[in-house]
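Computed from the coordinates by the stated procedures, all read-outs in this text should not be read as laboratory data. Quick caveat, the model's predicted, so the values are computed rather than measured. Neighbour counts run over all protein chains shown; Cβ positions are idealised from the backbone, glycine included.
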Amino acid sequence: MTSSAAAHSAEPVPTTGYATVHLVRHGEVHNPDRVLYGRLPGFGLSELGKEMAQGLADHFAARAERGQGPVILASSPLQRAQETIAPSPPP
């Protein structure tokens with residue numbers, strides 16, 4: 001089977017030896033004054049950002065139900081990053 005035929009096959013792609021890496025940026029930050037906050041403390045997620053974080057958690061939970069959940073979750077110590085990863089299920 002050629003690689004283009006494999007791409008159109010209905011057969012599942014074998015996952016042995018493969019890893020999926022998710023690089024995720026933090027959710028939307030509450031910043032009504034449009035401050036360039038960088039590493040300043042006190043800039044947490046907005047309501048939309050919290051919904052984004054929950055969406056990420058739901059995605060990881062669905063993958064876990066299929067036996068493809070995260071093995072490692074790592075995050076920046078910044079508040080917005082911690083708030084984004086907080087709802088996600090532990091590996």
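Each of Val29, Val21 was scored by other Cβ atoms within 10 Å of its Cβ. Arranged with the fewest first, they read Val21, Val29. Counting Lys and Arg as +1 and Asp and Glu as -1 over every other residue whose Cβ lies under 9 Å from the Cβ of His26, the net charge comes to 0.
Applying both filters, DSSP loop and at most 12 other Cβ atoms within 10 Å, to the trypsin sites (Lys or Arg not before Pro) of segment 28-91 gives Arg34, Arg39, Arg66.
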